[in-house]
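The values are calculated or read from the model by the stated rules, or taken from the named source; none is laboratory data. Quick caveat: nothing in here was measured; it's all calculated off a predicted structure. Here Cβ is always computed from backbone atoms with ideal geometry, including for glycine, and neighbour counts include all displayed protein chains.
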Amino acid sequence: MTGEPRPLHILVADDDPSMRLVLTMAFQRRGHLVRVAETTDIAREILDDGEFDVALIDAGMPRGGTTFWADCRASGEPAGGALLLTGDVYALGELADHPEVLAKPFDFAELVARVERMAAESNSTA
């Protein structure tokens, strides 16, 4: 065993193609495996089809980004949690201060570190 951490399986759900691309590249550079979804319906299908460590969900997705995020949190899937990404934290009201909400624009290094930490914390409690 080399001591290298295993790659994370990450679901990126965002309706913005450029955001999906940038998020995919940021995580693939760290050796992680990424699946993308441009709608919440596709994200639900992908999540149901496989095991993921963490999901990144755009709050502003048509047809319920925040609802999909809440569903993920309630079901405990994926195991590492779901991080809600938003450009409008004020629209989220009381959720704006939730630890699993990250405001755009964000620092990609900080995002990657946060996602890796979420996955590690879930693995240490499993």
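Within segment 78-99, track down each residue that is surrounded by 11 or more Cβ atoms within 10 Å (Cβ to Cβ), more than 13 Å from Asp58 (Cβ to Cβ), of a type outside the set (A, V, I, L, M) and modelled with pLDDT under 85.
Matches in segment 78-99: Gly80, His98.
Can you find even one residue in segment 105-119 that is among the hydrophobic types (A, V, I, L, M, F, W, C), under 16 Å from Asp14 (Cα atoms), at pLDDT below 90 and in a loop (DSSP other than H, G, I, E, B)?
Within segment 105-119 (the criterion being among the hydrophobic types (A, V, I, L, M, F, W, C), under 16 Å from Asp14 (Cα atoms), at pLDDT below 90 and in a loop (DSSP other than H, G, I, E, B)), the answer is yes, since at least one residue qualifies.
Let me confirm something: among Asp58, Asp41, which residue is within 20 Å of Thr86 (Cα to Cα), of a type in the set (Asp, Glu) and in contact with a strand residue (DSSP E or B) (Cβ under 9 Å, 6 or more places away or on another chain)?
Every option except Asp58 fails the conditions.
In the list Leu56, Leu11, Leu33, Leu21, which residue meets the criterion of being out of contact with any Pro (no Cβ under 9 Å at 6 or more places or on another chain) and touching a residue at least 12 places away in the same chain (Cβ under 8 Å)?
Only one candidate passes the filter, namely Leu56.
Quick check on my filter: what residues within segment 44-58 are of a type outside the set (D, E, K, R) and within 11 Å of the chain's Cα centre (by Cα)? Walk me through how you get there before you give the answer.
First, pick out the residues of segment 44-58 that are of a type outside the set (D, E, K, R): 46-47, 50, 52, 54-57.
Of everything in segment 44-58, those that are of a type outside the set (D, E, K, R) and within 11 Å of the chain's Cα centre (by Cα) turn out to be Phe52, Val54, Ala55, Leu56, Ile57.
I need a count of the residues in segment 38-51 that are under 17 Å from Met118 (Cβ atoms) and either exposed (fewer than 15 other Cβ atoms within 10 Å of the Cβ) or touching a residue at least 40 places away in the same chain (Cβ under 8 Å) (or both).
Final tally of qualifying residues: 1.
Just a yes or no: is a residue in segment 52-70 of a type outside the set (A, V, I, L, M, F, W, C), surrounded by fewer than 21 Cβ atoms within 10 Å (Cβ to Cβ), closer than 18 Å to Ser122 by Cα and out of contact with any helix residue (DSSP H, G or I) (no Cβ under 6 Å at 6 or more places or on another chain)?
Scanning segment 52-70 turns up no residue that is of a type outside the set (A, V, I, L, M, F, W, C), surrounded by fewer than 21 Cβ atoms within 10 Å (Cβ to Cβ), closer than 18 Å to Ser122 by Cα and out of contact with any helix residue (DSSP H, G or I) (no Cβ under 6 Å at 6 or more places or on another chain).
Scan segment 1-15 residue by residue and report those that are over 11 Å from the mean Cα position of the chain (by Cα) and surrounded by 14 or more Cβ atoms within 10 Å (Cβ to Cβ).
Kept after step one, since they are over 11 Å from the mean Cα position of the chain (by Cα), are these residues of segment 1-15: 1-8, 15.
Hits for segment 1-15 are Pro7, Leu8, Asp15.
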